[in-house]
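J.: Would you mind keeping the following structure in view while I ask a few things?
Nothing in this text is a laboratory measurement; each read-out follows from the coordinates by a stated rule. Just so you know, these numbers come straight off a predicted model, no measurement behind them. Quick reminder, even Gly has a Cβ in these numbers, built from the backbone with ideal geometry, and neighbours come from all protein chains shown.
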Amino acid sequence: MVEKEVLEDAPAYGAPAASGATLYPLSDANDFVAIRVMARLVRAGGTLAGLALVAMSLIMCYEIGSRSLFNEPTSWATEISTYLLVAVVFLGLGAAQASNSHVQVELWVDRLAERQRRNVELVSQWCGLLFVTICAWQMVSFNVREYVNDTRDWGLLSTPQWIPELSVSIGLCIYALSLLLDIYRLKPPANNGRRWAVPVFVLAMAATLCLLGRLPMSIAGGRMDWGSVVIVVFLLASMLAWSGLKATLQVSAIMGVMALLFWLARGQSLVLVGALLVAAMMFMLLFGIRIAVALGLAGMFGVYFLLSRPQLSVLAERAWSSTNTFTLSAVPMFIFMGGLLLRSGIVSGMFDSLIRWFGRTPGGLAHASAGASAIFAAVSGSSLATAATLGKVSCPEMIERGYSPRLTYGITGAGATLGILIPPSIPMIIYGTTVGASVTHLFMGGMLPGLLLMGMFMLTALVWAVVWRGSAPAGRAYTMREKLAGSSGMVPFTFIIVVVLGSMYAGIATPTEAAALGALCAFVLCLVKGRISLRSLFDIALDTATVTAMLLLIVVGASIFSWVFDYIRLPREIVGLITDAQLPASLVMACMTLAYLVLGMFIESIAMMLMTLPVTYPIAVALGMDPIWFGIFLVLMIEIGLITPPLGMVLFVLHGMNEKIRFTQIIYGVLPFVVVMLLFLVIIYTFPAIVTWLPGQAG
């Protein structure tokens, strides 16, 4: 059984809870039986997701050993691992909802009083439930059609597709139940009759949809279909029963106005339609609807109203196809490896080693923090994991030794952004999968820029320590013997870096398999140090599954959203306008940079990348830019967004590590490093070989 404490101990990559969002327990002894049943189903989904993650990592390690040691590659490992990834994502959605891992823009919501915030949260959860319920209905129908038609995979196993797709259907249904649990917690019904109304309505809705069959039945040959009407009617009845008339009217007004605007936009100019799509999404984001759901809702309204005929089956197809990709399996593997490394406790040893080497330099601990960030980045793939780790290790040490809070949190926040530039990198994996670029070449392209940026951070810290007296104490000189003796703390990280990157670049393992190898090495380190148990291993696997579900649900929402963009040919139109205008490439990139800077202030980094790629990537290609170079440019923009207020996620993570430090001190500390990163963008634009040289050497 997954306890509440496990779900609340979310890993760093899904750090929105640090911003002050309320967490709700899955179950309570006083809950009535239907709520307890739903809570157990959510727990079961999270448990299965954690087990699927462990199974996926074991299968990948087995495949590497079988292929490399015995020259007997399997015919099933890749396919099964991909199906397990799908199971991790969708079965983990309910646990991610229970731990509040799904990211939202809290710019406006945070300013509200507690009662108002709860009301806004209630409305946003009902809006999310509408999207998830329609997706679940479409996925179940799609699943049944695949079974009836006996659709099989093209792979060697010729797997009947309804089997792996079943985890998507079940996962979306569990996600809907988890949303209902949160709605119940936000405003419990007043009496027993109201409590039982929604479970009865849910069962009645499911039965009615089953009677309607697996294909949508249009009403009088028009745009409306009976399935959607049934879902809307039963959800409205559920809102009235559990949340009252006011919340029902608010949800109806928001969804009704959006539906009307999308219906009126049909046949209008592409510019107006595109602006409406973006405006609808931005409104939902600012209202507090979770980012993945906001993307999906905007896409769903586009699918329903902007097409000549509604194609709601796109929701199911996108949910399945956007996650059924082996390359994305590297995402949970790198998160899993980072969690195991954090558990092993070897980060402190690495930081102590770097202190000895940089001890005499002005601002020595700041240099050690930047170096530790770069080294941890080379095995974690996540900037937020790097921020959480170094926030626990380096920041207290620096403050205790007399470093100013601004320099301490500035260098730690800036160094944390290296987590997604120095390979491995989760955003690079998602970018490469989305646009079809080589992930290995992207990793190579990030090496030199990552090391150069680390050097620029160190130089900035040096200037800071010298110019602003009192920001850093005098350093201590260490003898060579002390330096060499302390270097033993670097050995575990060096070993894992060699295993992960060496196996990948030597052609022994794919990026995904290399991540699984790294996770295995981290697990062995935990065993050697006696820091792991079966329970803690499962806790880390569950945390990894919830963060993976959160990240890849954003991929699903962005996939639906971008499908509508592509269908109405908006990217092609924008590229044509820019090409015809014959604007200088430097001006286009400057405008693009400005747009990303603004978006990075308000929108989560992965979502920002995915929602803009349908427009910005074709523009970059039309301007003749190398896809690898543009990928590194995007990662740099994401890095800046991670430390740019008001939504810079790294800032929230660092503040969550020590709430005694004022948030403004962290902001002022990172601003000089934001300037350095913008300067670095100019450098790699002027000298693109910094990015492209190493991938070019690899062919």
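J.: Order 581-594, 37-50 from most to least packed using the mean count of other Cβ atoms within 10 Å.
T.: Packing order, densest peptide first, comes out as 37-50, 581-594.
J.: Follow-up question, since we're still on this one. Quick one: net charge around Ile346, please, counting Lys, Arg +1 and Asp, Glu -1 for every other residue with C-beta under 10 Å from its C-beta. Please list the in-between numbers first.
T.: On the way: positive: Arg343, Lys529, Arg531; negative: none.
Once positives and negatives cancel, what remains is +3.
J.: So, in nm, how far is label Ala206 from label Lys529 when the simple model puts each one 7 Å beyond its Cα toward the Cβ?
T.: 4.5
J.: Hey, what's the per residue convex hull volume over the C-alpha atoms of the stretch 4-326, in cubic angstrom?
T.: 159
J.: Still on this model: Mind checking which lysines have their Cα closer than 25 Å to the Cα of Lys187? Skip sequence neighbours fewer than 8 apart in that chain.
T.: By straight Cα distance, Lys187 reaches Lys4, Lys246.
J.: Say each of Ile219 and Leu577 gets a label point 7 Å from the Cα, pointing the same way as Cα to Cβ; how far apart are those two points in nm?
T.: 3.6
J.: Another question about this same structure. Taking the alpha-carbon centroid of each part, what is the distance from the stretch 217-238 to the stretch 81-128 in angstrom?
T.: First find each Cα centre; the distance between them is then 26 Å.
J.: What shape does the stretch 547-691 take by its C-alpha gyration tensor, where a ≥ b ≥ c are the square roots of the eigenvalues and a/c under 1.5 counts as rounded, a/b above b/c as prolate, and the rest as oblate?
T.: On the way: a/c = 2.42, a/b = 1.41, b/c = 1.71.
Oblate, since a/c reaches 1.5 and b/c is not below a/b.
J.: Further question: At Trp76 and Leu112, where each label point lies 7 Å from the Cα along Cα→Cβ, what is the point-to-point distance in nanometres?
T.: Distance between label points: 5.0 nm.
J.: Another question, then. With angles folded into 0 to 90 degrees, how steeply does helix 270-287 sit against the dominant principal axis of the chain? Use alpha carbons for both and round to 10.
T.: With both axes taken from Cα atoms, the answer is about 80 degrees.
J.: What order do you get for 291-299, 231-239 when each peptide is scored by the mean count of other beta carbon atoms within 10 Å, highest first?
T.: Final packing ranking: 291-299, 231-239.
J.: By how many degrees, 0 to 90 and rounded to 10, does the Cα axis of helix 534-567 deviate from the longest principal axis of the chain?
T.: Helix 534-567 and the main axis of the chain meet at about 60 degrees.
J.: Let me ask something else. So which lysines can Lys660 reach, going by Cα to Cα under 22 Å and dropping same-chain residues fewer than 8 places off?
T.: Hits, sequence-local ones excluded: Lys392.
J.: For the stretch 115-261, what class follows from the C-alpha gyration tensor (a ≥ b ≥ c being the square roots of its eigenvalues): rounded when a/c is under 1.5, otherwise prolate if a/b is larger than b/c, else oblate?
T.: prolate
J.: A further question on this structure: How high is the relative contact order of the stretch 4-326, in percent, counting Cα pairs under 8 Å that sit 6 or more residues apart?
T.: 24
J.: Return a whole-number percent for the relative contact order of the chain, with Cα pairs under 8 Å and 6 or more residues apart as the contact set.
T.: It rounds to 20 percent for the chain.
J.: Can you tell me which of 425-436, 631-642 comes out highest on packing, and rank the rest after it, using the mean Cβ neighbours within 10 Å?
T.: 631-642, 425-436
J.: How far, in nm, would the chain grow between Val37 and Arg481 when pulled straight, counting 0.36 nm per residue and subtracting the alpha carbon separation?
T.: 153.6 nm
J.: For Leu597 and Asn191, FRET efficiency with R0 = 56 Å and r from the beta-carbon atoms, rounded to 0.05?
T.: 0.60
J.: Between Ser252 and Thr664, 0.36 nm times their residue separation minus their Cα-Cα distance comes to what?
T.: Length gained, Ser252 through Thr664: 144.4 nm.
J.: With θ set to phi - 60° and the Karplus curve 6.51 cos²θ - 1.76 cosθ + 1.60, what are the ³J(HN,Hα) couplings of the stretch 501-516 in order, to the nearest whole Hz, using x for Gly and Pro?
T.: After applying 6.51 cos²θ - 1.76 cosθ + 1.60, I find 6, x, 5, 6, 6, 7, x, 6, 9, 6, x, 5, 5, 4, 5, 5 Hz.
J.: Rounding to the nearest 10 and keeping the result within 0 to 90°, find how far the Cα-based axis of helix 405-416 lies from the longest principal axis of the chain.
T.: The answer is roughly 70 degrees.
J.: On to the next question. Helix-derived [θ] at 222 nm for the chain: sum -39500 (n - 2.57) over DSSP H runs of at least 4, divide by residue count, nearest 500?
T.: It comes out at -24500 deg cm²/dmol, rounded to the nearest 500.
J.: Give the shape of the stretch 526-611 as rounded, prolate or oblate, defined through the alpha-carbon gyration tensor: a ≥ b ≥ c are the square roots of its eigenvalues, a/c under 1.5 means rounded, and otherwise the shape is prolate if a/b is larger than b/c and oblate if not.
T.: It is prolate, given that a/c is not under 1.5 and a/b is the larger ratio.
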